[in-house]
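The values are calculated or read from the model by the stated rules, or taken from the named source; none is laboratory data. What you are looking at is a predicted structure, and each value in this text was computed from that prediction instead of being measured. As a convention, Cβ positions derive from the backbone with ideal geometry for all residues, glycine included, and neighbour counts pool all protein chains shown.
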Amino acid sequence: MPNKDEGNVSRAHDDGGQLATPDKRLLASWQRSEEYGVSAEGVDPTWSGSAGNDSLFFQCGQEVLTGLYSTLANEPVSLMLTDANGLLLNRFSGDTSLLQALDKVHLAPGFAFSERDAGTNGMGLALADRVPTLVRAEEHYSASLRTYTCAAVPVFDPVSGLLEGSVNITTWSRSFPQLLLALAESAAGNTSALMLSRSQGRKGKPGPKGGVFRIQRDKLEPAAGTVRKMSSAWTNALEQAARDLAAGRVVAAVGEHGTGRATLLAQALRQAHPGSRIISAAAPAPGDVDAWLSLWAPELAKPATAVIVENVDRLPAWAAQELYAHVYSAVRSLPLSRSGSPQALAWAVTAARHSDIPQPLAGMVDTVISVPALRERGEDVLHLARYVARQTRLREISFTGAAERALSAHSWPDNIDELFTVIHAAAVQTETIDVRHLPAYLLGGSSRHLSRIEVVERDEIIRSLSKQGATVSGAAAELGISRATIYRRMGRLGITIPK
C-alpha cells in the first residue's frame, strides 16, 4: 500500500518532468482512499448497471462530447460523462487499444468511479472537491490506473446550482496533461451553457460566494431578522433544535436552499446560549476555502461563541477534513465543566440532505432537523412578506387582498430568498402592495416551462390586466388582439388575475 507521508509520495511529475510534491488535496484523497479500504493494487469498482439518459445534464453533455469526439476521433483519448456519484454514463473513443485497456480496469459505462469505489482518480477527486482536477499516472491511488492521465471537471446545474456530474477525458500517461484539462473545462462549460439555454426561461444562479457574519441579537442573519409569528412546522423545528443545542448536541438543519435553515439555527442558538455571540460561515467557492477557513475557524475555540456552518454539503472533501480537525482541536481546548467533563462546543450546520454532508463531519451530527420548503408552510408567506415590507420601508406596509392571494397561490420554488426579493422590489414602489407591483410570473399559473417568446407574451398580458380598473376587453384592445384571442392566450399561459 502506498506510503502516505510526503517524503515517499512525491513521485508525481510537473509539466517539465521534475518531481513535484503532491498538494494537500491529493494527500487528503489518498488518505480517504485508504480509509475506504480501496485496494492499492487493482480497482474493483461497483457495477451499477445502465443509468437513465433522460436528464438534461446527460442530453446536453452527450451532445457536447459527440461534437468534441468528431474532432478527436483519431486521437488516443476517451471522453466520458459521469453522474454526481461517479457512475460512468457514456464513453467515446476512436482508439481501439485504449478502449480495450480501459475495459480491463472497468473504466466503462455502468461502473462507478467515485473515490470510495476506485480510490484517487480524476473524476472521483473532481466530484469530491467540486473543482477541475488533473490526476497524472503516479497520482492514482491504485497501481492499475497509473497507465493513464485523467482530467475531470464537475458540472453544476446552472439554475439550481446542484452538482450534476462531471466531464472526464482520459488518455495514456505520456500525453499532454494541461491540454487535457483545458479540453475538459471547455466541454464542461459548454455543457452548462447548453443546459441553461434549454432551461426555458429559468435564470442561472451565481455560484457560492461564501461569507462570515456576526449575528446580532436583533438580527438573525444578513437581511433576515426575526419573525415572531410563524407556522407550527417552523416553531416545532425551532423548539427541537433549541433543546438539542442546549444539551450540547450538534444539529444539522436540512432542506432546500433558501428555506431559512441558518435562520432557524441562529434563533435556536440564541435560545440555547443567550449570552453567546453567533458566527455564521457560508461555504465559499472551492478555490476560496483556504482563506475562508483561516478567517473564522480560530473562533471555534473562543469562549461564549457559537458557530453555524452553512451549506456544508458544498465543501470540498479535503476542506471537510480540515474543518473536522479544527472542530476536534477546539473541543480539546475547551475548559472542563464544574463536573470535570469536557464542555460541549456550540456549533451547527446546514445542508440540502443529511446524506450530502461529507465525512467525517457527518459522523459528528447528533440531530437532523428538516426545514420544510416555503410551499409546504403556506401560512408563513404573508408573515414573511409583511416583515420584509416593514424592513424595506421601516414602517408598516399594507397589501391588497388580490396581492395576498397571488402571494399565497405561488409555489415559491426559490423559497424565502425569492419571496424577499419580490416583496422588497414591490415595497420600494408603494405604501400599499397590489398585484400590479408584483412580477408578472407570479400571476401566470402554467405548470410548464415557457419559451422566451411566451414569457414576453405572458408579461405583456399581465401588465395590461394589472392596471387600475383594467378589463379583459380593454387589455385586448391595448394589445391589438380580439377578446376571444386574449382569453385563449390567458388559458394557454395559465394567467389568472386575482380579483
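What to note about this one:
- Among the candidates Ala470, Ala425, residue that is modelled with pLDDT of 85 or more, surrounded by fewer than 18 Cβ atoms within 10 Å (Cβ to Cβ) and not charged (D, E, K, R): Ala425
- Conditions (1) crowded, with 24+ Cβ neighbours inside 10 Å; (2) within 21 Å of Leu72 (Cβ to Cβ); (3) among the hydrophobic types (A, V, I, L, M, F, W, C); number of the one not met by Leu125: (2)
- Sole residue being at pLDDT 90 or above, part of a helix (DSSP H, G or I) and in contact with a Gly (Cβ under 7 Å, 6 or more places away or on another chain), chosen from Trp292, Trp318: Trp292
- Qualifying residue in region 100-118 (condition: in contact (Cβ under 8 Å) with a residue 40 or more places away in the chain, surrounded by 23 or more Cβ atoms within 10 Å (Cβ to Cβ), in contact with an Asp or Glu (Cβ under 9 Å, 6 or more places away or on another chain) and within 15 Å of Arg146 (Cα to Cα)): yes
- Residue check for Ala266: farther than 26 Å from Ala128 by Cα, aliphatic (A, V, I, L, M) and touching a Phe, Trp or Tyr at 6+ places or on another chain (Cβ under 7 Å): no
- Residue list for region 237-272, filter: of a type in the set (S, T, N, Q), modelled with pLDDT under 95 and within 24 Å of Asp313 (Cβ to Cβ): Thr259, Thr263, Gln267
- Identity of the residue in region 125-136, in a helix (DSSP H, G or I) and without any contact (Cβ under 8 Å) to a residue 60 or more places away in the chain, that ends up farthest from the chain's Cα centre (by Cα): Ala126
- Residue check for Leu179: in a helix (DSSP H, G or I) and either surrounded by 24 or more Cβ atoms within 10 Å (Cβ to Cβ) or outside the structural domain of Leu65 (by TED's automatic domain parsing) (or both): no
- Of everything in region 191-205 that is modelled with pLDDT of 90 or more and either in contact with a strand residue (DSSP E or B) (Cβ under 9 Å, 6 or more places away or on another chain) or assigned to a loop (DSSP other than H, G, I, E, B) (or both), the residue that is surrounded by the most Cβ atoms within 10 Å (Cβ to Cβ) is Thr191.
- Residues located in region 74-105, provided they are of a type in the set (Asp, Glu) and part of a helix (DSSP H, G or I): Asp103
- Residue list for region 306-333, filter: surrounded by 19 or more Cβ atoms within 10 Å (Cβ to Cβ) and of a type in the set (Val, Ile, Thr): Val307, Ile308, Val309, Val312, Val327
- Residue within region 264-286 that is over 25 Å from Pro372 (Cβ atoms), in contact with a Ser or Thr (Cβ under 7 Å, 6 or more places away or on another chain) and basic (Lys, Arg) present: yes
- Residue match in region 138-145 (condition: in the same structural domain as Arg32 (by TED's automatic domain parsing), of a type in the set (A, V, I, L, M) and either assigned to a loop (DSSP other than H, G, I, E, B) or under 17 Å from Arg174 (Cα atoms) (or both)): yes
- Whether a residue is within 23 Å of Pro177 (Cα to Cα) and aliphatic (A, V, I, L, M) was assessed, and Leu56 does not pass this test.
- Residue check, Arg332 in a helix (DSSP H, G or I), modelled with pLDDT under 90 and among the basic types (Lys, Arg): yes
- Within region 366-422, restricting attention to residues that are assigned to a loop (DSSP other than H, G, I, E, B) and among the β-branched types (Val, Ile, Thr), the residue that is modelled with the highest pLDDT is Val371.
- So Arg448, is it basic (Lys, Arg), under 28 Å from the mean Cα position of the chain (by Cα) and either at pLDDT 90 or above or farther than 25 Å from Gly260 by Cα (or both): yes
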